[in-house]
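Student: Got a structure for you, questions after.
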Ligand code: GLC
């Protein structure tokens with residue numbers, strides 16, 4: 001410890017009382033907590049007081065941890081890859097849409113176990129403003145569960161049930177903004193306010209619009225404050241001002257509260273937006289990383305079992321820093337969404353070609369040690385077609401034309417398309433748009449006129465999930481995909497949802513369909529069993545552990561993806577045919593991998609050998625070990 005840090009540390013030591021493990025962590029991570037905060041707020045008169053409150057909250061959280069949670073803290077300290085193992089499989093759902101309340105979710109844990117889930121991400125569940133509230137992303141009370149879903153005690157009880165069954169609980173924490181009705185939003189010092197349009201106009205020159213269609217601009221007039229308030233997202237989601245140390249501490253207290261409730265993972269919503277800088281897009285600013293390192297250090301001292309996952313849907317070079325260690329040697333997040341892989345999966349499915357995916361994945365920066373991807377096919381958000389000019393140019397494509405093609409294709413407006421989705425936030429000037437729609441509807445299940453088309457749609461869904469499961473990382477199953485739930489148009493009847501078509505892919509769980517999950521003659525049965533096979537394949541493949549390396553391989557056939565993984569002397573090659581017709585791959589292109597008959601077991605169809613070639617059936621995936 002440097003002398004000035006030691007002085008601060010010694011002054012703070014009174015918060016440590018008798019708990020040796022806490023004392024060790026307090027010393028070990030004190031610098032990582034203090035340095036970024038001093039860098040951000042050292043000159044601020046409010047800081048000393050804020051820092052003292054933060055330390056008190058950290059100590060209270062550590063002291064309040066039950067024996068069981070303390071054991072978990074130790075266990076995860078000695079098993080830092082607990083989220084990154086081949087056994088890990090996630091499931092994402094809204095509490096109310098899945099089964100009404102937190103109590104209702106508890107009743108359905110056997111269903112999740114049957115599927116093979118070890119990690120449950122529940123969408124925003126803290127006290128929210130009345131609708132519209134962006135699906136709960138407009139919080140009025142960080143210290144309480146949304147009353148219609150249950151109580152904090154229910155949340156703890158659920159976390160306990162999950163733990164007993166070897167499952168972890170992830171919940172959303174909305175860091176960037178609060179609901180306009182939140183008590184913090186009464187205090188202008190917690191907000192970014194501007195008396196005139198001058199500064200907002202200057203910022204808007206370089207600020208991208210998140211919801212150009214429904215919430216254009218990034219500022220909203222407030223009569224109460226007689227000022228423009230910063231609102232990156234909807235007009236009722238007011239951005240917090242992280243230049244104020246009191247804001248940091250208030251949010252840290254909210255985080256620690258969730259740790260006390262027994263939550264295992266926090267999904268840090270919209271993390272890139274926390275710091276604003278004139279002349280930039282106000283995302284990924286260096287201060288964002290300082291904030292995250294300080295939050296992380298606070299949590300590592302208070303409750304080291306708790307992990308962070310970044311929701312940072314940004315370009316790869318901007319994304320990887322969220323997984324690393326920053327300027328102050330502090331760790332940031334354990335997990336981050338692999339948005340690029342998700343976009344490339346859908347792109348390859350539409351075009352039937354894998355060149356763009358292969359070359360873009362080859363150019364991805366590696367994940368820093370100790371961190372991992374979340375791999376996914378669908379989530380509650382739209383798909384933003386983040387294909388850059390550089391990525392497209394590498395395979396001789398035009399990024400703009402390809403993005404337009406994808407928006408048309410998945411809106412169901414391209415000749416021969418199988419998809420039935422919708423445009424989200426279309427930009428009439430460029431013809432580009434993001435895409436809404438459920439996995440099954442985008443993959444052709446909704447449009448399927450006959451059994452053959454239905455079979456192809458099922459195969460497409462399983463192919464995308466196979467790549468997400470094999471890539472390495474923690475794969476997420478988005479609720480309903482395991483049963484092929486289609487787009488749900490009912491949101492159009494609800495006035496506070498009707499203008500946001502992301503609700504089409506946030507259906508209510510269909511328990512009648514779930515009841516058919518073990519009937520192999522049904523769509524539900526085929527999908528559910530297909531996903532169960534993927535879970536089992538992951539479990540028995542050590543090469544999938546996140547610490548392995550993933551390496552795309554050119555198969556010599558532009559319609560067949562090749563993905564290799566190596567870890568601890570084991571290797572895996574996954575081949576995937578992205579077209580509805582049979583595709584040959586020459587054996588010599590496979591770097592010595594020997595395609596045996598077992599390679600077809602996960603997909604469930606036999607392997608076809610033809611002289612020097614392996615022939616993949618429509619949308620077939622092979623797991624070669
Ligand atoms: C995240 C969420 C999205 C929400 C936004 C604002 O991007 O995934 O659904 O609209 O944050 O909270």
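The values are calculated or read from the model by the stated rules, or taken from the named source; none is laboratory data. No experiment lies behind these values; they were computed from the predicted model shown. Please note: Cβ atoms are built from the backbone with ideal geometry, for glycine as well, and neighbour counts cover all protein chains shown.
Student: Output the number of the condition that residue 381 fails; it satisfies all remaining conditions of (1) surrounded by 21 or more Cβ atoms within 10 Å (Cβ to Cβ); (2) modelled with pLDDT of 95 or more.
Tutor: (1)
Student: Do we find that residue 53 is assigned to a helix (DSSP H, G or I), modelled with pLDDT of 95 or more and within 30 Å of the chain's Cα centre (by Cα) in this structure?
Tutor: On the way: assigned to a helix (DSSP H, G or I): yes; modelled with pLDDT of 95 or more: yes; within 30 Å of the chain's Cα centre (by Cα): no.
Considered against the rule, which asks whether it is assigned to a helix (DSSP H, G or I), modelled with pLDDT of 95 or more and within 30 Å of the chain's Cα centre (by Cα), residue 53 comes out as no.
Student: Looking at residue 472 and the list (1) part of a loop (DSSP other than H, G, I, E, B); (2) surrounded by 19 or more Cβ atoms within 10 Å (Cβ to Cβ); (3) at pLDDT 95 or above, which single condition is not satisfied?
Tutor: Unmet for residue 472, out of (1) part of a loop (DSSP other than H, G, I, E, B); (2) surrounded by 19 or more Cβ atoms within 10 Å (Cβ to Cβ); (3) at pLDDT 95 or above: (3).
Student: I would also like to ask the following. Among the numbered conditions (1) modelled with pLDDT under 95; (2) closer than 21 Å to residue 377 by Cα; (3) not in a strand (DSSP E or B), tell me where residue 551 comes up short.
Tutor: Going through (1) modelled with pLDDT under 95; (2) closer than 21 Å to residue 377 by Cα; (3) not in a strand (DSSP E or B) one by one, residue 551 breaks only (3).
Student: Additional query: Before we move on, is residue 482 surrounded by fewer than 24 Cβ atoms within 10 Å (Cβ to Cβ), modelled with pLDDT of 95 or more and away from the ligand (no atom under 16 Å from the Cβ)?
Tutor: In short, no.
Student: Output yes when any residue across the range 332-341 is closer than 30 Å to residue 418 by Cα and in contact (Cβ under 8 Å) with a residue 60 or more places away in the chain, and no when none is.
Tutor: Here is the first cut: in the range 332-341, the residues closer than 30 Å to residue 418 by Cα are 337-341.
Then keep just the ones that are in contact (Cβ under 8 Å) with a residue 60 or more places away in the chain; that gives 338, 341.
Yes, some residue in the range 332-341 is closer than 30 Å to residue 418 by Cα and in contact (Cβ under 8 Å) with a residue 60 or more places away in the chain.
Student: Could you tell me whether residue 241 is in contact (Cβ under 8 Å) with a residue 40 or more places away in the chain, over 25 Å from residue 305 (Cα atoms) and away from the ligand (no atom under 15 Å from the Cβ)? Please lay out each step first, then the result.
Tutor: Values: in contact (Cβ under 8 Å) with a residue 40 or more places away in the chain: yes; over 25 Å from residue 305 (Cα atoms): yes; away from the ligand (no atom under 15 Å from the Cβ): yes.
Judged against the criteria, residue 241 is a match.
Student: Restricting the search to the range 57-77, which residues are over 25 Å from residue 251 (Cβ atoms) and more than 25 Å from the chain's Cα centre (by Cα)? Break it down into steps so the answer makes sense when it comes.
Tutor: In the first step, residues of the range 57-77 are kept if they are over 25 Å from residue 251 (Cβ atoms); the result is 67-68, 71, 74-75.
Listed by number, the residues that qualify are 67, 68, 71, 74.
Student: Right, something else. With the checklist (1) surrounded by fewer than 22 Cβ atoms within 10 Å (Cβ to Cβ); (2) in a helix (DSSP H, G or I) in hand, flag the one item residue 465 doesn't pass.
Tutor: Condition (1) is where residue 465 drops out.
Student: Can you report the number of residues in the range 329-366 which are outside any helix (DSSP H, G or I) and farther than 18 Å from residue 272 by Cα?
Tutor: Here the count works out to 8.
Student: Restricting to the range 31-52, name every residue that is surrounded by fewer than 16 Cβ atoms within 10 Å (Cβ to Cβ) and closer than 21 Å to residue 303 by Cβ.
Tutor: Of everything in the range 31-52, just one residue is surrounded by fewer than 16 Cβ atoms within 10 Å (Cβ to Cβ) and closer than 21 Å to residue 303 by Cβ, namely 52.
Student: Next up: Looking at the range 297-323 only, could you name the residues that are in contact with a strand residue (DSSP E or B) (Cβ under 9 Å, 6 or more places away or on another chain) and either farther than 18 Å from residue 474 by Cβ or within 16 Å of the ligand (Cβ to nearest atom) (or both)?
Tutor: Correct list: 297, 299, 300, 308, 309, 310, 311, 312, 313, 319, 322.
Student: Among the listed residues 252, 179, 202, 227, which satisfies the condition of being surrounded by 22 or more Cβ atoms within 10 Å (Cβ to Cβ) and either free of Cβ contacts under 8 Å to residues at least 12 places away in the same chain or more than 16 Å from the ligand (Cβ to nearest atom) (or both)?
Tutor: When all the criteria are applied, what remains is 252.
Student: Okay, next question. Criterion first (touching a helix residue (DSSP H, G or I) at 6+ places or on another chain (Cβ under 9 Å) and either at pLDDT below 95 or closer than 21 Å to residue 76 by Cβ (or both)) does residue 167 satisfy it?
Tutor: yes
Student: Can you find a residue that is within 16 Å of residue 264 (Cβ to Cβ) and either without any contact (Cβ under 8 Å) to a residue 12 or more places away in the chain or surrounded by 15 or more Cβ atoms within 10 Å (Cβ to Cβ) (or both) anywhere in the range 53-62?
Tutor: yes
Student: For the range 256-289, give me the residue count where each residue is farther than 22 Å from residue 188 by Cβ, outside any loop (DSSP other than H, G, I, E, B) and more than 16 Å from the ligand (Cβ to nearest atom).
Tutor: Going through the range 256-289 one residue at a time, the tally reaches 7.
Student: Across the range 566-606, what is the total count of residues that are assigned to a loop (DSSP other than H, G, I, E, B) and either free of Cβ contacts under 8 Å to residues at least 12 places away in the same chain or over 18 Å from residue 536 (Cβ atoms) (or both)? Give the derivation first.
Tutor: Taking the range 566-606 and keeping what is assigned to a loop (DSSP other than H, G, I, E, B), we get 568-569, 578-582, 591-596, 601-606.
If we keep only those that are either free of Cβ contacts under 8 Å to residues at least 12 places away in the same chain or over 18 Å from residue 536 (Cβ atoms) (or both) as well, we get 568-569, 578-582, 591-595, 606.
Qualifying residue count, the range 566-606: 13.
Student: Would you please name the residue that is nearest to residue 487 (Cα to Cα), looking only at residues in the range 367-421 that are within 16 Å of the ligand (Cβ to nearest atom) and not in a loop (DSSP other than H, G, I, E, B)?
Tutor: Ranking the candidates gives 383 first.
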